[in-house]
Amino acid sequence: MAIAPGTPAELYARDEGTGVPVVLLHGLGGDHTVWNGLIPGLAREFRVLAPDLRGHGRTVAPPGSTFTFDELAGDLWAFLDGKGLPAVHLVGLSAGGFLALQAAIDRPDRLRSLTVVAAGAHCDRHTRAIGERWAETFRDSGFDAYVLRLLKDLYYPDWVEAHMDYVDRLRSGLKESDGRNTVRWGLSVRDFDVRGRVARIRLPTLVVHGMDDAVVDVSHARILRQSIPGAEMRLLAQTGHLVPIERPEELLAGLTDWIRRVEARGPASAAPG
């Protein structure tokens, strides 16, 4: 049967644990596995759901997908409805952090808290240039040069040297992936900009960022903290863009403490003001 344009994608998700629900959103070109280092620890105390977003991982993109943030947010709301979850702690990484910010602006009633990891209120000229450089490297210099460029941009150099086994798995995964949906979402990422609306957020908000992030500059974290009333910020030294992979223990501890504190305040404190 044909699927009508605008139909929500059926999101595959890793769903573990019981208790207060925590939803983890991956970034552009990723999938739920970026959170593998955190899920077992979080699931000891919370119900953890890590979906593959539209056209990524095991989730098929319906025909006519536009990959706008409105479309991706529609997938998220349908996913939460299907799971019977009226409100969740939402955590977003990179472009998933962009999506989490839009969700917090548009439907604060669906969120218990917001955590933004390695993202900002807009995609600036620097981040757009990074994406263009990846495309140019792949086109002009080939696959191996492209992988090397990703490693240099996404991770702190010392971490890469200490995790060469991960580098091999990354190279194999990239060879098997279909990048067309990444490109489609990337076009929406280039135009993402909620600077005029982000100050409306009244949810408990945590901002986490690597101090050596070469993709989204750490200044974006500071701007979010200043723009969102009551927001807290945690900066991680010697850390690049993919915080859940480079610093899973630190991020796990920070998220666990954060969610416990928000829950201790009670529903009235967690609701938007």
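The values are calculated or read from the model by the stated rules, or taken from the named source; none is laboratory data. If you're wondering where the values come from, they're calculated on a predicted model, not measured in any experiment. All Cβ positions, even for glycine, are placed from backbone atoms using ideal geometry, and neighbour counts span all protein chains on display.
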Next item on the list: Please identify the pairs in which a residue from the range 130-143 that is part of a helix (DSSP H, G or I) has its Cβ atom under 7 Å from the Cβ atom of a residue that is of a type in the set (A, V, I, L, M, F, W, C) and at pLDDT 90 or above, counting only partners at least 6 apart or on another chain.
Entry: Ile130/Val215; Trp134/Leu150; Thr137/Ala145
Next item on the list: Please work out if Ala253 is within 19 Å of Leu24 (Cα to Cα), without any contact (Cβ under 8 Å) to a residue 40 or more places away in the chain and of a type in the set (Gly, Ala, Ser).
Entry: yes
Item checked: Filter result (among the charged types (D, E, K, R) and in a helix (DSSP H, G or I)) within the range 78-119 -> Asp81, Lys83, Asp106, Asp109, Arg110
Next item on the list: Inspect all residues belonging to the range 147-157 and state whether any of them is closer than 30 Å to Ala103 by Cβ, free of Cβ contacts under 8 Å to residues at least 24 places away in the same chain, in a helix (DSSP H, G or I) and among the basic types (Lys, Arg).
Entry: no
Margin query: Checking Leu187 against (1) hydrophobic (A, V, I, L, M, F, W, C); (2) within 25 Å of Leu251 (Cα to Cα); (3) out of contact with any Gly (no Cβ under 9 Å at 6 or more places or on another chain), only one condition comes out false. Which one?
Written below: (2)
Margin query: Report every pair of residues separated by at least 6 positions or lying on different chains whose Cβ atoms are under 8 Å apart, first residue within the range 164-184 and part of a helix (DSSP H, G or I) and polar (S, T, N, Q), second surrounded by fewer than 16 Cβ atoms within 10 Å (Cβ to Cβ) and modelled with pLDDT of 85 or more.
Written below: none
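Considering only residues that are closer than 27 Å to Gly57 by Cα and part of a loop (DSSP other than H, G, I, E, B), which ones fall in the range 195-227? Show your work before the answer.
Here is the first cut: in the range 195-227, the ones closer than 27 Å to Gly57 by Cα are 206-210, 213-217.
Those that are closer than 27 Å to Gly57 by Cα and part of a loop (DSSP other than H, G, I, E, B): Asp213, Ala214, Val215, Val216, Asp217.
Can you tell me which residue among Val91, Val116 is buried (at least 24 other Cβ atoms within 10 Å of the Cβ) and closer than 14 Å to His241 by Cα? Steps first, please.
Details: Val91 fails: closer than 14 Å to His241 by Cα.
Just a single option satisfies the conditions, and that option is Val116.
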